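Single-structure report; data block below.
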Amino acid sequence: MTTNIDIPAQYQDADALLTDNGFKTSNIWYHGTTSGLSSAIIEHGLKRSGDDEINQATKKAMATIGNSYTERKEPVYLTQSKQLAYYWANEKVRARKVHTGSDETPEIIQVTLNNSEVEVKSDVGAVVMLMDLSPYMGYLEELYQAKGIEFDLDDIQARAMELNREDYLNKFGLAYSAKDIDKALLSIVK
């Protein structure tokens, strides 16, 4: 499973962060987003509501076909790698193109947590990606293989329900905050 994402050189940090135990963590986290959202994020902070434009487009589409739509309160998704954040920023660009017709570019927000009240947790809800062998898991497999570290996707999928909670953070780079993140903690990665 190969991915066709061209990660700009300034974001390629997976090789430096990846170890046999997964991705190293620090007080620096990243959030992948788009050029259409980054200014509002920097101005207002990262909010747990998801993308208002996509939520409104989905609500309108569901009303058109006669179904109701209940907006979910999404957490703020984070990762410890600029490279992984860029992957998710690319996904967000695609989603916004489909839902809103916007032509945007991927952008990365850096979150610096110094003695902050924001707690970063492992995103175990991502077990669905493991079970479905999402393109993201294939991308991770490529990163591990390039570093010469074993990453057996078949074995991981077979053991998806038995994995340690921290594997989602360390091995897969999937984390979240259940709280909004103040704008004072944010900056755009250039």
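Somewhere in the stretch 38-45, is a residue at pLDDT below 80 and of a type in the set (Ser, Thr, Tyr)?
Within the stretch 38-45, none of the residues are at pLDDT below 80 and of a type in the set (Ser, Thr, Tyr).
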**Report entry** Which listed residue is polar (S, T, N, Q) and either on the phi > 0 side of the Ramachandran plot or at pLDDT below 80 (or both), from Ser102, Ser116, Ser134
**Finding:** Ser116
Query raised in the report: Can we say Lys179 is at negative phi and part of a loop (DSSP other than H, G, I, E, B)?
Result: yes
Query raised in the report: Can you find a residue in the stretch 4-26 that is within 24 Å of Ile108 (Cβ to Cβ), in contact with a Gly (Cβ under 8 Å, 6 or more places away or on another chain) and modelled with pLDDT of 90 or more?
Result: yes
Query raised in the report: Quick check: is even one residue across the stretch 74-84 open to solvent by 20 Å² or more (accessible area, probe 1.4 Å), at pLDDT below 90 and of a type in the set (Phe, Trp, Tyr)?
Result: no
Requested in this report: Determine, yes or no, whether Thr64 is open to solvent by 80 Å² or more (accessible area, probe 1.4 Å) and either more than 19 Å from Val118 (Cβ to Cβ) or modelled with pLDDT of 90 or more (or both).
Outcome: yes
Report summary line: Within the stretch 87-129, the count of residues that are open to solvent by less than 50 Å² (accessible area, probe 1.4 Å), part of a helix (DSSP H, G or I) and in contact with a Gly (Cβ under 6 Å, 6 or more places away or on another chain) comes to 1
Report task. For residues that are part of a helix (DSSP H, G or I) and at pLDDT 90 or above, tally how many sit in the stretch 139-165. Result -> 9
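Output yes when any residue across the stretch 177-185 is closer than 25 Å to Asp15 by Cβ and either touching a residue at least 40 places away in the same chain (Cβ under 8 Å) or of a type outside the set (Asp, Glu) (or both), and no when none is.
Checking the stretch 177-185: not a single residue is closer than 25 Å to Asp15 by Cβ and either touching a residue at least 40 places away in the same chain (Cβ under 8 Å) or of a type outside the set (Asp, Glu) (or both).
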Query raised in the report: Considering only residues of the stretch 130-151 that are without any contact (Cβ under 8 Å) to a residue 12 or more places away in the chain and open to solvent by 30 Å² or more (accessible area, probe 1.4 Å), which is farthest from Asn21 (Cα to Cα)?
Result: Asp132
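The values are calculated or read from the model by the stated rules, or taken from the named source; none is laboratory data. Nothing here was measured: the structure is a model prediction, and the numbers come from that model. FYI the Cβ positions are ideal-geometry reconstructions off the backbone, even for glycines, and counts take in every protein chain you see. Just so you know, the surface numbers come from the protein's heavy atoms only, side chains and all, with ligands and any DNA or RNA stripped out. Shrake-Rupley method; radii C 1.70, N 1.55, O 1.52, S 1.80 Å.
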